Amino acid sequence: MAALLKVQGLTISFQQNEVVKNVSFEVEQGEIFGLVGQSGAGKSMTGRAIIRLLPPTAKVSGRIFFKGHDLLSLSEKEMRKIRGNEITLIQQDPVASLNPVFKIRDQITDVIKLHLKLDDKEAINRARNLFTEVGIPNPEKVLLKYPHQLSGGLCQRVAIAIAFACEPSLVVADEPTTALDVITQGMVVNLMKRMQKQFNTSIIFITHNLALASNICSRIAVMNDGQLLEVILSKNILTGSNHPYTRTLLSSLLTLNRRADAA
Amino acid sequence: MKILRVSNLTKIFAQPSRMLTIFRREKDFLKAVDNVTFDIEENEVIGVVGESGSGKTTLVKTIVRLIEPDYGKIEFMGKDITHINQKQLRPLRRHFQIIFQNPFLSLNPTRKIKDIIGDVIKLHKIDNVTVEQVLEDVGLPKDYIYRYPHQLSGGERQRVAIARALVLRPKLIVADEITSSLDIVTQIGILNLLKEIRKRWMTSMIFVSHDLAVINYISDRVLVMYAGKVVEEGVTREVIDNPRHPYTQALVDSVPDIEGNWNPKYSYDEKDIVSVPPGCKFSHRCPFAFDKCYKSEPNLIQLSTGRKVACHLYEEGGQFFRSG
């Protein structure tokens, strides 16, 4: 399979400070690719560079090929056709990533109308179907609400619906479950896996939780201090890594260590 | 010795929809904490686990009297503190300290670490500990006393918050989701620090978290809360190995394990907690619910030594009832 996304020598710096150093990796079509590391490792910056949403003061070098085009050389106008359409972003804080002054309906239909060129009625229809798809009870009611009227888990479902609205090729999911509690986390992860299968989308899943990543990603890239240390197959995570930092991450992981005989 | 004894503690909040008391109906009230009873021994760590909105934070804030309880009784070291006034409460406060979830909000951004901790020392007239010493105790360099909170990372800030509580050498530390905003490497550092504090000063702790893996690492006993009620109570290891209440089972299922065979299964209903059905509050999400569950609310019953569960399935006539 040809790589959907090819990142080559990506370096991001703020003034003299290099936050991402010479990072290269590839993401295949239909793959869930994990980016794992502590806070400050440069995971989010890498993700944001791909969707070109870095702060304007950031200096970026290197190349990011998406379907053969270098995203970093595109003009903002060209990028806008891709952003929200072919590449989308799911952010960490679902309440903050939605605009508090607009109804949910406007926020999702804007994306649909812009990229799919549908009229109001069709866009609302599509939004309603998407909401049913992501398991939002009462889509009709939720469409008319403001973000603050919804719970965190529900907001994240809306954000996922928006991210998948135009059947994107690539979704950058930046710690989508960190702000949620464990039960909601399970539901959101299952949902993302299902959507990914349905649309054969690739997902870059950014998280600091190695256990979570190993459960949903096929490959995991471990980052620390701006550098990509290694890319490892999830199924080999326990045995296949000799990198000391991956070992550190593994050893700080808390699990339940349930006994096999437990009923 | 019992450090803390909480009996039948209840806190009711009015829903904002009807502000005028005379117009309020039963459903305009929310029982955030509903008839909670438990106690803590010296040097024991109790975990409180449950999803967002289950009343964990309200429970612990009520225990330290930051929220006024409506019914029930709180006894701290044998003294009833449920309704004593602030003046009587203040000298006792040094014995029970709370650490909050968000270290960005719980430290005053305009003051140096020296003053943040120094104030506590002055107020309680502590003379055997200095700010430098307590910073060392929590693993921070001494020269941090001249820093402001914004100059520290999240983990370091949380250590300052712990130092502020620790300087009083409290008998009980209440930790409310103190690691949920930290990444896993920082988290393990904080948890190890708490373990060390407990060993060194025989401190008791109430540790609140939504993550059972964290509770498993730090606590001896666990209270599982759902919609303001304790639905299961027991030794942490036993509860995790053999969860009884269907909600506890769901919580255990939802922790990812590294071997990659994680499969959280759960039905979802948005109105989950706030609009509680009559009968068992968990019934509309519970895969085992039968007619009784929709009619009457189960009480916390003793299953075996130290193990309690509030579920009709374990009562006579229930699916999992075992006599004797």
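From the list B:Leu123, B:Leu168, B:Leu191, B:Leu172, exactly one residue is open to solvent by 10 Å² or more (accessible area, probe 1.4 Å) and of a type outside the set (S, T, N, Q). Which is it?
Just one listed residue meets the conditions, B:Leu123.
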**In the range B:196-212, the residues that are surrounded by 23 or more Cβ atoms within 10 Å (Cβ to Cβ), of a type outside the set (Ser, Thr, Tyr) and either within 14 Å of chain A (Cβ to nearest Cβ) or at positive phi (or both)** = B:Phe207, B:Val208, B:His210, B:Leu212
**Asked** Can you find a residue in the range A:220-243 that is hydroxyl-bearing (Ser, Thr, Tyr), in contact with a helix residue (DSSP H, G or I) (Cβ under 8 Å, 6 or more places away or on another chain), free of Cβ contacts under 8 Å to residues at least 40 places away in the same chain and closer than 23 Å to A:Asn22 by Cα?
**Response** yes
**Request:** Residues being closer than 15 Å to A:Lys103 by Cβ and either open to solvent by 50 Å² or more (accessible area, probe 1.4 Å) or assigned to a loop (DSSP other than H, G, I, E, B) (or both): count how many of those fall in the range A:117-142.
**Result:** 6
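So that you can scan it fast, the table gives a plain yes or no per residue for (1) farther than 20 Å from B:Gly189 by Cβ; (2) in contact with a helix residue (DSSP H, G or I) (Cβ under 9 Å, 6 or more places away or on another chain); (3) among the small types (Gly, Ala, Ser):
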{"position": "B:Met77", "(1), (2), (3)": "yes, yes, no"}
{"position": "B:Leu92", "(1), (2), (3)": "yes, no, no"}
{"position": "B:Ile99", "(1), (2), (3)": "no, yes, no"}
{"position": "B:Ile126", "(1), (2), (3)": "yes, yes, no"}
{"position": "B:Val138", "(1), (2), (3)": "no, yes, no"}
**Asked** For the subset of the range A:42-69 comprising residues that are assigned to a strand (DSSP E or B) and among the basic types (Lys, Arg), which member is surrounded by the fewest Cβ atoms within 10 Å (Cβ to Cβ)?
**Response** A:Lys59
**Fill in**
If we keep only residues of the range A:28-62 that are closer than 28 Å to A:Ala2 by Cα and hydroxyl-bearing (Ser, Thr, Tyr), then the residue nearest to the other protein chains (Cβ to nearest Cβ) is A:Ser44
**Request:** Would you mind finding the one in A:Asn190, A:Asn200 that is out of contact with any strand residue (DSSP E or B) (no Cβ under 7 Å at 6 or more places or on another chain), farther than 30 Å from A:Asn17 by Cβ and at pLDDT 90 or above?
**Result:** A:Asn200
**Item:** Selection within the range B:303-317 - more than 27 Å from the chain's Cα centre (by Cα) and free of Cβ contacts under 8 Å to residues at least 24 places away in the same chain
**Value:** B:Glu315, B:Glu316
**Request:** Test B:Ala250 against the criterion of being buried (at least 21 other Cβ atoms within 10 Å of the Cβ) and more than 12 Å from every other protein chain (Cβ to nearest Cβ), and give yes or no.
**Result:** no
**Asked** Scanning the range B:232-245 for residues that are buried (at least 23 other Cβ atoms within 10 Å of the Cβ) and farther than 19 Å from B:Thr37 by Cβ, which turns out farthest from the other protein chains (Cβ to nearest Cβ)?
**Response** B:Pro243
**Request:** Could you please find all residues in the range B:217-245 being among the aromatic types (Phe, Trp, Tyr) and assigned to a helix (DSSP H, G or I)?
**Result:** B:Tyr217
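Looking at the range B:220-230, can you tell me whether even one residue there is within 14 Å of chain A (Cβ to nearest Cβ), touching a His at 6+ places or on another chain (Cβ under 7 Å) and either crowded, with 21+ Cβ neighbours inside 10 Å or in contact (Cβ under 8 Å) with a residue 24 or more places away in the chain (or both)?
Checking the range B:220-230: at least one residue is within 14 Å of chain A (Cβ to nearest Cβ), touching a His at 6+ places or on another chain (Cβ under 7 Å) and either crowded, with 21+ Cβ neighbours inside 10 Å or in contact (Cβ under 8 Å) with a residue 24 or more places away in the chain (or both).
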**Asked** Say we look at the range B:279-302 and pick out the residues that are under 26 Å from the mean Cα position of the chain (by Cα) and open to solvent by 60 Å² or more (accessible area, probe 1.4 Å); which of these is modelled with the lowest pLDDT?
**Response** B:His284
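Among A:Ile136, A:Ile82, A:Ile87, which is the only one that is closer than 24 Å to A:Pro56 by Cα and free of Cβ contacts under 8 Å to residues at least 40 places away in the same chain?
A:Ile82
Can you pull out every residue in the range B:167-190 that is over 30 Å from A:Pro244 (Cα atoms) and either at the interface with another protein chain (Cβ under 10 Å from one of its Cβ atoms) or not β-branched (Val, Ile, Thr) (or both)?
B:Leu168, B:Arg169, B:Pro170, B:Lys171, B:Leu172, B:Ala175, B:Asp176
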**Request:** Could you grab me the full set of residues in the range A:226-263 that are open to solvent by 40 Å² or more (accessible area, probe 1.4 Å), at pLDDT below 85 and not small (Gly, Ala, Ser)?
**Result:** A:Leu238, A:Thr239, A:Asn242, A:Asn257, A:Arg258, A:Arg259, A:Asp261
**Asked** Inside the range B:175-188, can you point out the residues that are aliphatic (A, V, I, L, M), open to solvent by less than 10 Å² (accessible area, probe 1.4 Å) and not in a strand (DSSP E or B)?
**Response** B:Ile178
**Filter result for B:Gln151 (within 13 Å of chain A (Cβ to nearest Cβ) and over 17 Å from the mean Cα position of the chain (by Cα))** = no
**Request:** Among residues belonging to the range B:41-55 that are away from chain A (no Cβ under 14 Å) and part of a strand (DSSP E or B), point out the one that is surrounded by the most Cβ atoms within 10 Å (Cβ to Cβ).
**Result:** B:Ile46
**Request:** State whether one or more residues within the range B:80-91 are under 26 Å from the mean Cα position of the chain (by Cα) and surrounded by 16 or more Cβ atoms within 10 Å (Cβ to Cβ).
**Result:** yes
**the range A:26-42: number of residues that are closer than 21 Å to A:Thr248 by Cβ and over 11 Å from the mean Cα position of the chain (by Cα)** = 7
**Item:** Subset of the range A:70-102 (residues that are of a type in the set (Gly, Ala, Ser) and either exposed (fewer than 15 other Cβ atoms within 10 Å of the Cβ) or farther than 30 Å from A:Lys145 by Cβ (or both))
**Value:** A:Ser73, A:Ser75, A:Ala96
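The values are calculated or read from the model by the stated rules, or taken from the named source; none is laboratory data. Treat the numbers as computed from the prediction; the structure is a model and nothing was measured. FYI the Cβ positions are ideal-geometry reconstructions off the backbone, even for glycines, and counts take in every protein chain you see. The accessibility values were calculated without ligands, DNA or RNA, using every heavy atom of the protein model including side chains. Shrake-Rupley method; radii C 1.70, N 1.55, O 1.52, S 1.80 Å.
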